[in-house]
1. Considering only the stretch B:300-310, state which residues are part of a loop (DSSP other than H, G, I, E, B) and in contact (Cβ under 8 Å) with a residue 40 or more places away in the chain.
2. Here are B:322, B:313, B:277: which of them is in contact with a strand residue (DSSP E or B) (Cβ under 8 Å, 6 or more places away or on another chain), crowded, with 18+ Cβ neighbours inside 10 Å and not assigned by TED's automatic domain parsing to the domain that holds residue B:72?
3. From the list A:108, A:80, pick out the single residue that is farther than 30 Å from residue B:156 by Cα and either away from chain B (no Cβ under 11 Å) or crowded, with 20+ Cβ neighbours inside 10 Å (or both).
4. So which residues in the stretch B:10-61 are within 27 Å of the chain's Cα centre (by Cα) and more than 21 Å from residue B:100 (Cα to Cα), if there are any at all?
5. What single numbered condition from (1) modelled with pLDDT of 95 or more; (2) closer than 24 Å to residue B:282 by Cβ fails to hold for residue B:244?
6. Given the residues A:60, A:114, A:101, which is the only one that is within 14 Å of another protein chain (Cβ to nearest Cβ), at pLDDT 95 or above, under 24 Å from residue A:16 (Cβ atoms) and touching a helix residue (DSSP H, G or I) at 6+ places or on another chain (Cβ under 8 Å)?
7. State yes or no: is residue B:267 more than 22 Å from the chain's Cα centre (by Cα) and outside any helix (DSSP H, G or I)?
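The values are calculated or read from the model by the stated rules, or taken from the named source; none is laboratory data. Just so it is clear, the model here is predicted, and its values are computed rather than measured. As a convention, Cβ positions derive from the backbone with ideal geometry for all residues, glycine included, and neighbour counts pool all protein chains shown.
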């Protein structure tokens with residue numbers, strides 16, 4: 001079975017704190033993830049989400065703070081609206097809404113975060129690779 | 001890439017740049033230059049021929065152009081500026097990578113490139129219904145373009161480009177044409193072509209052509225001028241054996257309505273018309289939309305200061321280089337529209353609609369630019385007389 005490639009986008013604050021403490025506690029994490037850390041999930045727009053799929057991601061998970069915990073104010077709300085719109089675009093493209101997920105965490109929820117990563121990985125692995133990969137990406141995979 | 005590259009020399013020769021008289025009409029009419037941007041088509045031509053060491057100037061200029069075609073319209077020597085810009089962008093993209101600032105962070109180009117996947121299973125026909133009659137196969141297709149995607153992406157500025165598609169099909173149904181609407185249809189690739197991504201543009205052309213063939217299509221009807229330009233002009237360049245008849249919806253409507261028997265309900269509005277560059281200048285269709293507008297009784301019509309083949313661009317093309325200068329072009333264009341004292345701005349291109357609606361919503365203009373903007377097709381579909389005891393479709 002083909003290994004799926006996933007992208008996890010972390011907010012620098014609560015979710016990354018969870019990730020840090022999970023790593024310190026040696027919790028096992030799925031190996032098919034690439035991780036990006038941003039200062040706030042409000043930085044992520046629809047274009048960046050679509051670009052992940054354009055570059056061959058099989059799934060994208062946004063890991064954000066709880067609405068009331070945002071250090072900047074509207075970050076998670078911006079995230080919700082972008083995810084809602086990007087999911088509609090993914091639906092139109094036939095990639096499927098479930099390949100884009102957002103989840104929020106408090107700073108202490110390290111085991112919840114690891115579980116979320118495993119659940120997402122299993123869910124996408126069960127769905128298989130994203131059928132809509134542009135030519136360049138398919139070319140790279142054939143060469144590899 | 002050096003400027004003595006034989007390919008560039010070839011473009012300069014083929015696109016008649018040597019014919020340039022340096023009269024400066026191009027720069028004097030260029031909306032980008034008039035809005036204050038450091039960009040000049042005349043200087044670009046001069047540097048290409050006489051100062052081949054100014055590489056960075058030439059590269060920047062090539063990506064700055066709006067490709068609205070007004071310079072080409074004015075040029076007394078027949079220099080093919082647009083085609084030259086397109087070829088140069090394709091060449092530069094191939095050697096130095098895609099440049100040009102992509103509006104919306106390139107989201108639109110991303111989904112266009114995602115569509116080059118042959119295994120794509122789009123779910124794009126959710127907007128059908130409303131009693132619209134469409135067929136699964138047949139000789140005539142209607143090309144919907146990116147409308148379903150635009151409406152999601154631009155929901156923030158409340159543009160409704162899908163209504164153009166619905167109204168187009170309503171009008172076709174009224175004329176007893178039941179068009180095929182393809183579920184696997186992809187973007188026509190206009191924006192990729194004009195931003196230098198020739199490879200993915202050609203991939204989209206081939207995929208679309210395969211879908212047309214599979215459904216047995218002989219004629220494609222389009223309402224978007226950009227799709228019309230690509231399907232009619234650039235797709236046959238990619239697929240030489242292509243034997244598809246591409247018809248612009250407004251041409252078809254004019255032909256059918258002039259046969260008689262169809263009337264329009266009066267509309268007590270005062271309207272003006274924004275000519276899309278791809279329609280008025282590049283397809284040469286200025287008269288047909290106006291003839292259709294004139295058919296609506298009691299509607300006042302006033303031309304803007306610059307209209308027809310001299311119309312000013314909506315500020316942006318191919319979703320690159322949207323900046324303060326684009327905004328200035330848009331604001332000036334909307335002021336021209338306001339000066340006609342019209343309360344309805346009719347256009348024929350969904351992109352004009354998106355760009356001008358965006359400019360109208362500028363909070364610092366306090367609504368002084370806002371007016372209703374509608375597509376020609378929608379205005380006609382609302383006013384056409386569904387006589388002979390027929391119920392209006394979709395109501």
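1. Of everything in the stretch B:300-310, just one residue is part of a loop (DSSP other than H, G, I, E, B) and in contact (Cβ under 8 Å) with a residue 40 or more places away in the chain, namely B:302.
2. Numbers: B:322 fails: in contact with a strand residue (DSSP E or B) (Cβ under 8 Å, 6 or more places away or on another chain); B:313 fails: in contact with a strand residue (DSSP E or B) (Cβ under 8 Å, 6 or more places away or on another chain).
Going through B:322, B:313, B:277 in turn, the sole match is B:277.
3. Details: A:80 fails: farther than 30 Å from residue B:156 by Cα.
Testing whether each residue is farther than 30 Å from residue B:156 by Cα and either away from chain B (no Cβ under 11 Å) or crowded, with 20+ Cβ neighbours inside 10 Å (or both) leaves just A:108.
4. B:12, B:14, B:15, B:16, B:17, B:24, B:25, B:26, B:28, B:29
5. (1)
6. Exactly one residue qualifies, and that residue is A:60.
7. So residue B:267 passes the test.
The rows are residues; the columns are (1) on the phi < 0 side of the Ramachandran plot; (2) more than 7 Å from chain A (Cβ to nearest Cβ); (3) buried (at least 20 other Cβ atoms within 10 Å of the Cβ); (4) over 23 Å from the mean Cα position of the chain (by Cα).
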position: B:130; (1), (2), (3), (4): no, yes, no, yes
position: B:144; (1), (2), (3), (4): yes, yes, yes, no
position: B:150; (1), (2), (3), (4): yes, yes, yes, no
position: B:158; (1), (2), (3), (4): no, yes, no, no
position: B:161; (1), (2), (3), (4): yes, yes, yes, no
